[in-house]
Amino acid sequence: MLSDTKIRQAKPRDKQYKIYDAKGLFIIVTPKGGKWWRFKYTVGGKAKTISLGTYPDVTLKLARERRDGKRQLLSGDVDPSAARAAAKTDTFEAVAQEWHAKHEHTWKPEHAKWILHRLEQDAFPWLR
């Protein structure tokens, strides 16, 4: 198992290398001295890796908490990479509604209502 001291003492080498913790958590030390947290897991028989942040911004304790959160997703048959991608994806509908809310105070109420109605009737159904 890793310790904070071991991570701090990890020096850069000619090629990047890994230092393993437990339960799929490891840190990559780059030739320039960067230290990147990674979590390795398998979904559907395929090995995958997800980033958990950089050291020292993400401490050993926080990296382990993030790993445990990803493992909890896996126990519910959810791919952590897919969950992260889905959380980041903005749909056209969400962006359009945010745009409408931002600008509606500059329009006449009838115009704002008409724009939202047109989006709901003509655009959103086709893009769902």
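The values are calculated or read from the model by the stated rules, or taken from the named source; none is laboratory data. Remember, it's a predicted structure, so these values are computed and weren't measured experimentally. We place every Cβ from the backbone using ideal geometry, glycine too, and count neighbours over all the protein chains shown.
If you take the residues of the stretch 19-43 that are charged (D, E, K, R) and surrounded by 12 or more Cβ atoms within 10 Å (Cβ to Cβ), which of them is nearest to Lys61 (Cα to Cα)? So that I can check it myself, show each step before the final result.
Restricting attention to the stretch 19-43, the residues satisfying the condition of being charged (D, E, K, R) are 21, 23, 32, 35, 38, 40.
Within this subset, residues satisfying the condition of being surrounded by 12 or more Cβ atoms within 10 Å (Cβ to Cβ) are 21, 23, 35, 38, 40.
On the way: Asp21: 11, Lys23: 14, Lys35: 15, Arg38: 14, Lys40: 17 Å.
By that ranking, first place goes to Asp21.
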| request: Name, by its number, the condition in (1) touching a residue at least 24 places away in the same chain (Cβ under 8 Å); (2) over 30 Å from Arg13 (Cβ atoms) that does not hold for Ala94. | output: (1)
| field | Selected residue [within 16 Å of the chain's Cα centre (by Cα) and of a type in the set (A, V, I, L, M)] from Val58, Val29 | value | Val58
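Can you pull out every residue in the stretch 6-44 that is among the charged types (D, E, K, R) and over 21 Å from Leu73 (Cα atoms)?
Restricting attention to the stretch 6-44, the residues satisfying the condition of being among the charged types (D, E, K, R) are 6, 8, 11, 13-15, 18, 21, 23, 32, 35, 38, 40.
Of everything in the stretch 6-44, those that are among the charged types (D, E, K, R) and over 21 Å from Leu73 (Cα atoms) turn out to be Lys6, Arg8, Lys11, Arg13, Asp14, Lys15, Lys18, Lys32, Lys35.
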| message | I'm checking my understanding of the structure. Among residues of the stretch 75-128 that are of a type in the set (Asp, Glu) and more than 30 Å from Lys23 (Cα to Cα), which one is modelled with the highest pLDDT? | response | Glu110
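With the requirement that a residue be hydrophobic (A, V, I, L, M, F, W, C) and outside any helix (DSSP H, G or I), what does the stretch 70-107 give you?
Step one: of the stretch 70-107, the residues hydrophobic (A, V, I, L, M, F, W, C) are 73-74, 78, 82-83, 85-87, 92, 94-96, 99, 101, 107.
Answer for the stretch 70-107, where residues must be hydrophobic (A, V, I, L, M, F, W, C) and outside any helix (DSSP H, G or I): Val78, Trp107.
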| Pairs where the first residue, in the stretch 8-26, is closer than 14 Å to Trp37 by Cβ and in the same structural domain as Thr49 (by TED's automatic domain parsing) and the second is aliphatic (A, V, I, L, M) and exposed (fewer than 12 other Cβ atoms within 10 Å of the Cβ), C-beta under 7 Å, 6+ apart | Asp21/Met1; Ala22/Met1
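I'm checking my understanding of the structure. Among residues of the stretch 72-126 that are among the β-branched types (Val, Ile, Thr) and surrounded by 13 or more Cβ atoms within 10 Å (Cβ to Cβ), which one is farthest from the chain's Cα centre (by Cα)?
Checking each candidate, the answer is Ile115.
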